[in-house]
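Everything below concerns the one structure shown next.
The values are calculated or read from the model by the stated rules, or taken from the named source; none is laboratory data. Not measured: the values here are computed from a predicted model. Neighbour counts run over all protein chains shown; Cβ positions are idealised from the backbone, glycine included. Calculation scope for accessible area: heavy atoms of the full protein, side chains included, ligands and nucleic acids excluded. Shrake-Rupley method; radii C 1.70, N 1.55, O 1.52, S 1.80 Å.
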Amino acid sequence: MRGFLKKSLAILFILVFLVGYIVIDDNTVSVNEYEIYSKKYSKDFNNYTIAFITDFHNSYYYDQVIKKVQAQAPNIILLGGDMITIGNSDKKNTFALIDGLKEIAPIYFVTGNHESMNTDGRGFISELEDRGVTMIYNNNSPITINSDGTIVPADAYNKKKTSDMTKEERQQSLYIHSILDYSCLDDKELDKMDDYFKSLLERKRNEVVEDGFNIMLVHRANLFDYIDDFGYDLVLSGHIHGGVIRLPFIGGILSPDRNELFPKYTKGMYYGNESRMIVNAGLDMDIMKPRIFN
């Protein structure tokens with residue numbers, strides 16, 4: 001009887017510990033830092049800091065995120081999509097986040113699948129733009145940002161084509177490109193869009209600035225295999241939520257919609273043939289879908 005009681009207490013202690021750990025883990029915001037080295041930007045960009053946020057999903061701890069970003073003192077802030085949630089009209093936490101972030105640095109945004117599939121997605125984008133957020137559309141010239149933080153207007157970019165600039169002139173800016181998430185398909189069906197992605201990237205190939213540092217902002221990390229060979233120096237993505245549950249030596253084991261095991265790109269830095277990609281594990285908080293060790 002005593003042995004049974006001891007085992008029961010031990011099991012109970014382990015369960016309470018694990019539940020407590022998951023609750024604390026799911027309510028804690030952390031910062032992951034990466035240093036990017038390249039000969040394609042001028043020394044004026046040394047110590048230049050980009051804050052990259054994605055998959056916020058209207059979570060309640062916007063104050064934590066604002067404080068963490070403020071502590072990094074970024075030059076610009078990039079939002080990688082899924083700031084809201086499909087089927088949820090409540091956006092107050094996301095707007096509170098934006099209102100705090102815009103006091104820190106200029107914000108640039110690309111859509112995720114939750115914006116493209118939300119019935120008020122267009123209205124949400126309009127409200128972001130009203131708050132001073134710059135939407136990056138994939139049918140426009142790349143956003144060209146100088147080392148002092150100023151943006152080169154699109155008409156100026158077009159009047160003086162980068163091909164007419166010297167190499168040194170091209171390296172005085174960062175070039176931010178995007179692919180909007182138009183697809184209502186889930187990840188397993190993305191191969192149905194093969195022709196679309198390939199033709200889109202082929203059309204955008206001439207926007208990649210030779211000798212310049214080109215950043216591709218795209219929501220779905222699982223598009224990296226399409227993007228890799230088109231000359232982008234850095235790809236910034238999210239969508240996979242870090243694999244939801246992360247295990248030592250294995251990494252993430254689930255896609256966010258739980259219909260794919262061991263997704264290829266979940267969190268951290270990945271290297272391709274031409275590009276490298278940073279995948280953000282996201283900031284979603286859903287008690288019905290707890291993240292574990294993540």
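Considering only Cα-Cα distances, which of the following residue pairs are longer than 19 Å: Lys161/Lys204; Lys91/Lys264; Lys39/Lys167; Lys43/Lys204; Lys39/Lys102; Lys40/Lys264?
Lys91/Lys264; Lys43/Lys204; Lys39/Lys102; Lys40/Lys264
Enumerate the whole-percent occupancy of each 10 Å bin, from 0 to the last occupied one, for all C-alpha pair distances of the chain.
Result returned by the calculation: 6, 27, 34, 21, 7, 3, 1, 0, 0.
In debye to the nearest 20, how big a dipole does the chain give about its Cα centre with +1 on each Lys and Arg Cβ and -1 on each Asp and Glu Cβ?
Dipole magnitude for the chain comes out near 920 debye.
Choose one answer from Val209, Val69, Val152: the residue with the largest mean-square fluctuation in a GNM of the chain with alpha-carbon springs under 10 Å.
The residue with the greatest mean-square fluctuation here is Val152.
Go through Arg203, Arg122, Arg170 and list them by solvent-accessible area, largest first, probe radius 1.4 Å.
Arg122, Arg203, Arg170
Which one, Ser59, Ser30, Thr49, projects farthest toward the positive side of the charge dipole computed for segment 23-71 from Cβ point charges (K/R +1, D/E -1)?
About the Cα centre, the residue reaching furthest to the positive side is Thr49.
Please state the relative contact order of segment 16-154 as a whole percent: Cα pairs under 8 Å, 6+ residues apart?
RCO, segment 16-154: 20 percent.
I'd like the chymotrypsin sites (Phe, Trp or Tyr not before Pro) in segment 201-271 restricted to DSSP loop residues with at most 15 other Cβ atoms within 10 Å, sorted by number. Let's see the in-between values first.
Values: sites: Phe213, Phe224, Tyr226, Phe230, Tyr232, Phe249, Tyr265, Tyr270, Tyr271; in loops: Tyr232, Phe249, Tyr265.
Sparse-neighbourhood loop chymotrypsin sites (Phe, Trp or Tyr not before Pro): Phe249.
On full extension of the chain, what length is gained from Asp148 through Lys67, given 0.36 nm per residue of separation minus the C-alpha to C-alpha distance?
That pair, Asp148 and Lys67, stretches by 26.8 nm at full extension.
When ligands, DNA and RNA are left out and all protein chains stay put, how many square angstrom of accessible area per residue does the chain have with a 1.4 Å probe? Could the numbers behind the result be given before it?
Working: 15340 Å² over 294 residues.
Averaged over the residues of the chain, the accessible area is 52 Å².
Hey, any idea what % of the chain's accessible area is carbon plus sulfur with a 1.4 Å probe?
Of all accessible area on the chain, carbon and sulfur atoms account for 55 percent.
Based on the alpha-carbon gyration tensor of segment 32-91 and its eigenvalue square roots a ≥ b ≥ c, which shape applies: rounded if a/c is under 1.5, prolate if not and a/b is larger than b/c, or oblate?
prolate
At 37 °C and 0.692 mPa s, what whole-number value in µm²/s does Stokes-Einstein give for the translational diffusion of segment 1-143, with Rh from the Kirkwood sum over Cα pairs?
Values: Rh = 17.8 Å.
Rounded, D is 184 µm²/s.
How large is the helix-only mean residue ellipticity at 222 nm for the chain, computed as the sum of -39500 (n - 2.57) over DSSP H runs with n ≥ 4, divided by its residue count, in deg cm²/dmol to the nearest 500?
-8500 deg cm²/dmol, from helical runs alone.
Toward the positive end of the charge dipole of the chain, about the Cα centre and with charges on Cβ (Lys, Arg +1; Asp, Glu -1), which of Asn139, Gly252, Ile179 goes farthest?
Of Asn139, Gly252, Ile179, it is Gly252.
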